[in-house]
1. Apply 1/(1 + (r/R0)^6) to the Cβ-Cβ distance of V143 and F79, taking R0 = 35 Å, and write down the FRET efficiency to the nearest 0.05.
2. With a Förster radius of 22 Å, plug the Cβ-Cβ distance of L86 and V58 into 1/(1 + (r/R0)^6) and report the FRET value to the nearest 0.05.
3. Rank these by accessible area, largest first, 1.4 Å probe: D169, D69, D289.
4. Treat each spin label as a single point 7 Å out from the Cα along the C-beta direction, and report the F45 to R235 distance in nm.
5. Once amide H atoms are built 1.01 Å from N in the peptide plane, which residues 5 or more positions from D67, or in another chain, come under 5 Å H to H?
6. Calculate the dipole size of region 84-318 relative to its Cα centre from +1 charges on Lys and Arg beta carbons and -1 charges on Asp and Glu beta carbons; express the result in debye to the nearest 20.
7. Taking +1 at the Cβ of each Lys and Arg and -1 at the Cβ of each Asp and Glu, which of I188, Q284, L301 sits farthest along the dipole of region 84-318 towards its positive end, judged by Cα position relative to the Cα centre?
8. Please give the charge dipole size of region 62-174, origin at the Cα centre, charges +1 on K and R Cβ atoms and -1 on D and E Cβ atoms. Round to the nearest 20 debye.
Amino acid sequence: MATVADPAEAGTPAADERRPVRRSRATAPGGRRRHGPPLLAISPFYVLFAVFGAFPVVFSLYLSFQDWDGIGDMRFVGFKQYGWLLEDSVFWHSVLNTFEIWFLSTVPMLFLALVLAFLLHSQVRFTGAYRVAYFIPNVTSMVAMTVVFGSVFAQTGLANSALRMVGMDGVGWLSSEWGIKVSLSIMIIWRWVGYNALIFLAGLQAIPTEHFEAARVDGANSWQTLFRVVLPQLRPVVLFAAVTSTINGLQIFTESQVLFQSTDVGTTGGPGQEGMTIVLYLWQKAFKDHQFGYGAAMGWLLFAIIAVFTLINWRLVSGSDREDRAGIRSLLRRKGARNGR
């Protein structure tokens, strides 16, 4: 009798024909047609990011090792640009100015923003109008507002007129060392305090109301509630505000450049270079003196400084909060015990 081969047996043509061919979504018929339009729709972002974002960053790093005036041939100098930068006394003076202005502006600004957010979170009428008013300075042209502040801080401006009305002598806001730094700090505070207040307000609205009620039942006043209940739970928000304020504060440029534009087209930072910041000095060397390699090296050194300060802020603000959380849990337990009575 003749035997019939089993078509399901491996290796036979019949088994190969019946076995389904698995295809991935990428190689399946119509797969590319299905994924093509979405990829094409988001491609402009990646193209623009590559041209105006990634390429300038990579090119600036390459440029920091070159000596180039923007027109002629590049000359490779290695790490000499960084060595010259570390020996530049004007650069270190600009670093000191930047740190002083950053400290005078960031610390009061974050504190005022937190207090304003806490007040807005309370039952205050016209809260929406206050929110709009606080955010307006952040979207206003800083060039225009710097011109206005220049008139306010002039020798015969509004600030000195107010001081003379109360019997005090005028201050050289734009001519003395600390007058220049304080005036720049006031402009930075005016610009960013409202923005950070709204950031803090968003964090406050995420805190359960029972925590505020527990603090009220425990007899805590407004300041005790702010520092013992609110701040421990706002650590992530405070960290975000501190990091962004550090990044913005160490890149001060517009205020100093426009405020002293009458002196050498705003490249000196005012009398004694007391308003000379890192970014203003970078702009002077790169776009006025045409030392683009030197300016690129300065930019990367500024990046390193910002990274270090961001890490310090991260460690200080996002430290261990076990004690704070334990205190809040203890507060809630006391509230529950009193309600049980």
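1. Details: r = 37 Å, r/R0 = 1.04.
Calculated transfer efficiency: 0.45.
2. Details: r = 24 Å, r/R0 = 1.07.
For L86 and V58, the calculated efficiency is 0.40.
3. D169, D69, D289
4. 3.2 nm
5. Placed amide hydrogens put R75, F76, V77 under 5 Å from D67.
6. In debye, rounded to 20, region 84-318 gives about 580.
7. The residue sitting farthest along the positive end of the dipole is I188.
8. So the magnitude is around 660 debye.
The values are calculated or read from the model by the stated rules, or taken from the named source; none is laboratory data. Everything quoted here is computed from the prediction, not taken from an experiment. Backbone-built Cβ (ideal geometry, glycine too); neighbour counts: all protein chains shown. These area figures cover heavy atoms from the full protein model, side chains too; ligands, DNA and RNA do not enter into them. Shrake-Rupley method; radii C 1.70, N 1.55, O 1.52, S 1.80 Å.
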